[in-house]
Amino acid sequence: MKKQVLLSLLSVLLFAPLTASAEKIIFATSNWPPYSIVEADGRKTGINTEIVAELCRRLGIDAEFKTFPWKRGLVYAKQGKVDAIYAARRTKERETFLYYPSEPLLMERTVILAREGSGIRAANLDDLKGIHIRTFPII
């Protein structure tokens, strides 16, 4: 898995704009725990941020992480004001200005649980319409 993630980032960096070939790559991120977190002291952590930082460290790339509201980070990536953004869901519109490697940065599994006796049964997503669902990242 580590090798796949490393190869994914390498492929992103190879197809990055020429400005990204400078000694520092600026990544846009947002505060989205537990994936990207801005600590009280301003330090950037979180699962995705730490994966990207480690890949850059291993490749000898100086990475800088700048936090923006998500929409602004996407606009900055589109305008070239940042060199890269990570964990952006793939859409047709985003494919026009972002490169998506074939390997994901992080893989998750979604599991839906219901209390015993709740009467909730779900064979497909349509069965969950109208039911309040709370999400909790389990990693």
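The values are calculated or read from the model by the stated rules, or taken from the named source; none is laboratory data. Note that the structure is predicted; figures quoted are calculated from it, not measured. Every residue, glycine as well, gets a Cβ built from its backbone with ideal geometry; the counts of neighbours run over all protein chains shown. Protein only, heavy atoms only, side chains kept; ligands, DNA and RNA dropped before computing areas. Shrake-Rupley method; radii C 1.70, N 1.55, O 1.52, S 1.80 Å.
Fully extending the segment from Met107 to Lys92, taken as 0.36 nm per residue of separation minus the present Cα-Cα distance, adds 3.3 nm. On full extension, the segment bounded by Ser118 and Tyr100 gains 2.4 nm, given 0.36 nm per residue less the C-alpha separation. Residue-wise HN-Hα couplings along segment 57-66, as the Karplus relation 6.51 cos²θ - 1.76 cosθ + 1.60 with θ = phi - 60° gives them from phi, are 4, 5, 8, x, 9, 7, 9, 10, 10, 10 Hz; Gly and Pro carry x. Within the accessible area of segment 32-96, the carbon and sulfur atoms contribute 51%, probe 1.4 Å, all protein chains present. Of the peptides 106-117, 72-83, 30-41, the order by per-residue mean of other Cβ atoms within 10 Å, starting with the highest, comes out as 72-83, 30-41, 106-117. Each Lys or Arg adds one and each Asp or Glu subtracts one; over the other residues with Cβ under 12 Å from the Cβ of Ala88, this totals +3. Take the Cβ atoms of Lys78 and Asp41, set R0 to 35 Å, and the FRET efficiency comes out at 0.70.
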